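Contents: one structure, followed by commentary.
The values are calculated or read from the model by the stated rules, or taken from the named source; none is laboratory data. Here the structure is a predicted model, which means the values were calculated and not measured. Glycine gets a Cβ as well: all are built from the backbone with ideal geometry, and neighbour counts include every protein chain shown. Each accessible area value is taken on the protein alone, full model and side chains, heavy atoms only, with ligands, DNA and RNA left out. Shrake-Rupley method; radii C 1.70, N 1.55, O 1.52, S 1.80 Å.
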Amino acid sequence: MKHVKAINLRAQALEARAKGELPDIYALQMQLPMSCSTVFDPGWEVDGMFGLAGLCQPMENDLYGCSADCWWPAQVPDELVNYPGWSDQCSAAVRDWQKIKFIQGGP
Amino acid sequence: MIPREWTKALAAVATLSFLLGLSPPVLAAPAGLPKNPLFALKCGICHRPQKDGRVRRLESMRKSPEGWERSIQRMERLQRVKLQPGEREALVKLLCQSLTLAPAESRKVFYALAGKDPREEIPPGKEKLKEACTRCHSYATIAAQRRTREEWLKLKSLHLSLYPALVYQLREIDWPMVADEILKSLAKTFPFETPEWKAWKKRPAQSSAGRLAGSWRVIGSQPGRGSYVGSLELKPSGDGDYEVKRTVLYEGGQEESWTGKGTLYGGYALRAYFSTSEGRTKGTFSFFPGGKTMEGSWLCMDKLYLAGDEIGHRWGTGEAKVLSLSPGALKQGSSHVHLALQGIHLPTSPRPADLHLGPGIAISKILKASPGQLVVEVEVQGNAPIGERHVTVGKASGKGILVVYDRVDYLQVVPEFGLARVGGQANPAKAEQFEAIAYNRGPDGTPHTRDDLRLGPVKAHWSVEEYFYSPEDRDVEYVGKIDQNGLFLPSAEGPNPQRPFKTNNVGNVWVVATYRPDGTDQELKAKAFLLVTVQLFLQETMN
């Protein structure tokens, strides 16, 4: 491998990663007490390569796929058990995303 | 059996004490859950005492105040418990009288309770726990609980009922089987009964309020704003509640004064809420046994980048100590430096000879002297040895708070891995505050080794650079901006029509600090990784 040279950006990024410029990250806890971390494969915050290319683009495209069956229950209200009907007020997330309720504290 | 004569004598002493108006003897803290009408009304229908007198489920687990709060919120959400304002806090207070973490146990998860660190270290050898637990919640969520073996094992059913899709979500492992294995291990690691808890339970029940009340000397720092000194006044207002007044003076000269209300949980954990000019701010304070020292942290819940850590020493204990110095790093050859020593119970009329800062530093004048602060003028010789200094003045001393250096060798940007969230319209944005910390190579002459000297934050020039991950994503143009105080403010949430696929204003970038030390033409540079990611739609533990 020592005779192979990275010539494009992605290859250079991979090379930098292989050299250990970025240490392993295993958790990015939210900034609030007793809260939750991420799933990285992909997660809510980051994909398995510690980037964002693996996430839905934009996130709103598949938001209800995340919430209805509780893929990321720490970050998005799950509608299966804990917050049924959370998305009822907004049927098209990509268009009406400002109507989506943010749940802060309390039951 | 107690001899009858002794009983008579004890009764006579008790009667005499009562007649003389003396306080009754201090009682031991309640061993279990005390009887309480609110608890009986709101919780007692399901959580009934068993034959052995223990309240079903609850007296088999211990949690932090935040943990109990979250459990009660779940009961409100799913079990239709209706609580009036203030009742949730009253129930948490009741549960924490005996069913909370001992101070020594709480200290290990203080970072999570205070919400101050976005990263955490999971102990080595916990690979299965990382696979099955901490991919969805923090390790502190586990480590801030103590349960009987039976209660730990029940968590499998709880998870499957609350989050039934997790079996498919974590489909690459056999979650139910792995959970069984992990929960058996956790029952041994975090049992309900521990030596720390047994010792803590023996504390005098009525002593905490009086012991913690009064004035505390506070020393702390806020990333992006610098260090501060001040006071924390605690005035009991009954039933474990306090009126809290916090006044601090920043090194830049700004003074801030907050007043708020606090509740003491378990005799040592104070949670205080302040209304400040920036928004609602939560103070998390933990008092150490003996009531002489404490550690604290605060976080503005409306602007999560505003946060600080502090320590406190109680006035009136008589223990003298030097807590911090400003500046905390002295350069060789500096002259006429005004050095402020912050401390507690410092001598009020010291002579220069009473102050010792190590070889090569001469004290020329004492400018101000008070029990909390001593300001002196010092001369640092050109050949003063570089390294950490032990500071003493009279009986007071302090370690690791002063260094002597010859030059700035390198910079470090903290946090090394930042996390910001887009927002500001329908969802709160999360900004990230960076700091550039200067370092000296230390006595061994080699940079990036353990003896390097931390010189403190410096005023750097800040910029954001592309982190090459996805070709042509041009994240720098969309994710947000950094100001010259190191504060990164993310862009708004929602799809952005100007980006490919209308994707959000998310991305990963380098945050770069550039600094030129005084008197040199050498430019130092350091960078940190910043992930600007999607917003949250849920924050359960915010109150």
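Computed from the alpha carbon atoms alone, the convex hull of chain B holds 218 Å³ per residue. Taken as Cα centroids, segment B:300-363 and segment A:39-105 sit 48 Å apart, rounded to the nearest whole angstrom. For chain B, the mean residue ellipticity at 222 nm estimated from helices alone is -5500 deg cm²/dmol, where every DSSP H run of n ≥ 4 contributes -39500 (n - 2.57) and the total is divided by all residues, rounded to the nearest 500. Taking amide H as placed 1.01 Å from N in the peptide plane, the amide H of residue A:45 sits under 5 Å from that of A:39, each at least 5 places away or on another chain.
Put simply, segment B:321-405 fits an ellipsoid with semi-axes of 19, 13, 10 Å; these come from the alpha carbon gyration tensor as the roots of five times its eigenvalues, largest first.
Carbon-plus-sulfur accessible fraction, the protein assembly as shown (probe radius 1.4 Å, protein heavy atoms only): 54%. Distance between the modelled labels on residue B:477 and residue A:53, one decimal in nanometres: 1.8 nm (7 Å Cα→Cβ projection). Cα gyration tensor of the protein assembly as shown, axes a ≥ b ≥ c as square roots of the eigenvalues: rounded (a/c below 1.5), prolate (a/b > b/c) or oblate? Oblate, since a/c reaches 1.5 and b/c is not below a/b. Reducing segment B:43-60 and segment B:404-439 to their Cα centroids gives an inter-centroid distance of 48 Å.
Residue order by solvent-accessible surface for B:466, B:477, B:66 is B:477, B:466, B:66, largest first, with ligands and nucleic acids left out and a 1.4 Å probe. Here the spin labels are modelled as points 7 Å beyond Cα on the Cα-Cβ line, and at residue B:45 and residue B:315 they lie 5.1 nm apart. For segment B:410-533, the Kirkwood hydrodynamic radius from C-alpha pairs, put into Stokes-Einstein at 25 °C and a viscosity of 0.890 mPa s, yields a diffusion coefficient of 157 µm² per second. Here's how it looks for residue B:504: its modeled amide H is under 5 Å from those of A:59, B:496, which are all 5 or more places away or on a different chain. Hydrophobic, long helices, defined as DSSP H runs whose alpha-carbon span along the helix axis is 18 Å or greater and whose mean Kyte-Doolittle value is at least -0.5, occur in chain B at B:4-19, B:149-162, B:175-189. Here is the interface size for A with B: some 6300 Å² of accessible area buried, both sides summed, with a 1.4 Å probe. Heavy-atom accessible surface of residue A:49, to the nearest 10 Å², is about 90 Å², with a 1.4 Å probe and all protein chains retained.
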